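The values are calculated or read from the model by the stated rules, or taken from the named source; none is laboratory data. Just so we're clear, the structure is a prediction, and the values are computed from it rather than from any experiment. Cβ coordinates were reconstructed from backbone atoms using ideal geometry, including for glycine residues, and neighbour counts include every protein chain displayed.
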Amino acid sequence: MVTVKAHAIFNPEGSFQATTIERRELEPNDVLVEIKYSGICHSDIHTARGEWWDVQYPLVPGHEITGIVSQVGAKVTKYAIGDRVGVGCMVDSCRECASCRNDQEQYCHNGYTLTYAANDRYGQYTQGGYSTHIVVSEDFVVRIPDNLPLDKAAPLLCAGITTYSPLRHWNAAPGKKVAIVGLGGLGHMAVKIARAMGAEITVLSQTLNKKEDGLRLGADHYYATSNPETFKELASSFDLIINTVSASIDINAYLSLLALDGTLVNVGAPAEPMPVNAFSLIGLRRSFAGSSMGGIRETQEMLDFCAEHQIAPEIEVIAANQIDEAWERVLVSDVRYRFVIDISTMQSN
């Protein structure tokens, strides 16, 4: 086992503490990644506070990881020491089911292994990127293009792929009207990616506070959902709606904004159920769907797409001793638009 530095949370209401965790010795197909940056995702907070399922403590969150390969197993062929790489939301899957064989490990029939808060095939409880090193199979590592800075690339491993995947699957393209619900960590990436894909983009946000940002990032239109007139004006307008909000909303009101054969895709994951009225769907053959992050192949495709189109998230880099403050700011939407931890600051704690 390899002992590495980390910041962990020790109970659902606790604060982060500097600690050490154990990483497994390299298997023949593993790589050891020296983590440089780790993004903070809202799902880190949901998970660590036990809002989605019971977790074990201490817990080290983080699934938006970028760094440098510092060691490789004897049979590794895809990466070499010194390569710039990333690790996203999963670190393994069964590799045998139809989804895995089709490069869609995120829909593994037997359940993929989360980067943190999961039991892996080695009998260990996985710990994430709020740490200095991680050991991962080379099959679940992606290459970071040279023109993407490692700090800005980190949120692409979750926020980027989680929005890219449904935009690509439901064909956001020229001639398509796409609405993005929420302009946060996921929403601002959805706007940038949909813009590069050529769609006409509308942001639906609770207020107009971020309108200037939304238009700067690439939106064509920006509406406040707190204004009841918005839902009347935009009724039956959109081919595709991406809901990025991780809080309960009136989903039927948003379904009313879909055109004939339109689809509302949920990528945000609120802790509460979301009741759907069947009549919100059947009147115009609308669809209500969900989408997870992408598989490894699609994640690499997304990174290459972002590099080609010069797309990167808006980030605020913080030190490891600022994680608690950053989490509180995430909860009140006081971040534009993604916190990224500089893991080098962990060395001095």
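Observations, loosely collected:
- Qualifying residue in the stretch 249-257 (condition: of a type in the set (Ser, Thr, Tyr) and outside the structural domain of MET90 (by TED's automatic domain parsing)): yes
- ILE323 being in contact (Cβ under 8 Å) with a residue 40 or more places away in the chain, outside any loop (DSSP other than H, G, I, E, B) and in contact with a His (Cβ under 7 Å, 6 or more places away or on another chain): yes
- With respect to the conditions (1) of a type in the set (D, E, K, R); (2) in contact with a helix residue (DSSP H, G or I) (Cβ under 6 Å, 6 or more places away or on another chain); (3) not in a strand (DSSP E or B), GLU13 lacks only one, and its number is (2).
- Taken together, the criteria place ASP239 among residues that are in a strand (DSSP E or B), touching a residue at least 60 places away in the same chain (Cβ under 8 Å), touching a Lys or Arg at 6+ places or on another chain (Cβ under 7 Å) and charged (D, E, K, R).
- Residue in the stretch 294-305 that is surrounded by fewer than 19 Cβ atoms within 10 Å (Cβ to Cβ) and either aliphatic (A, V, I, L, M) or assigned by TED's automatic domain parsing to the domain that holds LEU186 (or both) present: no
- So SER246, is it out of contact with any Phe, Trp or Tyr (no Cβ under 7 Å at 6 or more places or on another chain), of a type outside the set (Val, Ile, Thr) and over 27 Å from TYR107 (Cα atoms): no
- Any hit, the stretch 38-55, residues being over 30 Å from ALA326 (Cα atoms) and in contact with a strand residue (DSSP E or B) (Cβ under 6 Å, 6 or more places away or on another chain): no
- Across the stretch 173-195, the qualifying residues are those that are touching a helix residue (DSSP H, G or I) at 6+ places or on another chain (Cβ under 7 Å) and of a type in the set (Gly, Ala, Ser), and the one among them that is farthest from GLU301 (Cα to Cα) is GLY185.
- The residues listed here are TYR116, TYR112, TYR130, TYR122; of these, the one that is in contact with an Asp or Glu (Cβ under 6 Å, 6 or more places away or on another chain), touching a residue at least 12 places away in the same chain (Cβ under 8 Å) and of a type in the set (Phe, Trp, Tyr) is TYR112.
- Test for LEU240: is it surrounded by fewer than 17 Cβ atoms within 10 Å (Cβ to Cβ), aliphatic (A, V, I, L, M) and at pLDDT 95 or above: no
- Of all residues in the stretch 242-265, none satisfies being assigned to a strand (DSSP E or B), without any contact (Cβ under 8 Å) to a residue 24 or more places away in the chain and touching a helix residue (DSSP H, G or I) at 6+ places or on another chain (Cβ under 7 Å).
- Counted residues, the stretch 266-284 - those being more than 23 Å from the chain's Cα centre (by Cα) and free of Cβ contacts under 8 Å to residues at least 24 places away in the same chain: 4
- Taken over the stretch 50-71, the residue count meeting the criterion of being buried (at least 17 other Cβ atoms within 10 Å of the Cβ), over 17 Å from PHE339 (Cα atoms) and of a type outside the set (A, V, I, L, M, F, W, C) is 1.
- TYR254 vs. criteria touching a Pro at 6+ places or on another chain (Cβ under 8 Å), under 18 Å from VAL181 (Cβ atoms), surrounded by 15 or more Cβ atoms within 10 Å (Cβ to Cβ) and aromatic (Phe, Trp, Tyr): no
- Each residue in the stretch 16-32 was checked for being among the hydrophobic types (A, V, I, L, M, F, W, C) and out of contact with any helix residue (DSSP H, G or I) (no Cβ under 9 Å at 6 or more places or on another chain), and 3 of them qualify.
- ALA18 vs. criteria crowded, with 18+ Cβ neighbours inside 10 Å, assigned to a strand (DSSP E or B) and in contact (Cβ under 8 Å) with a residue 40 or more places away in the chain: no
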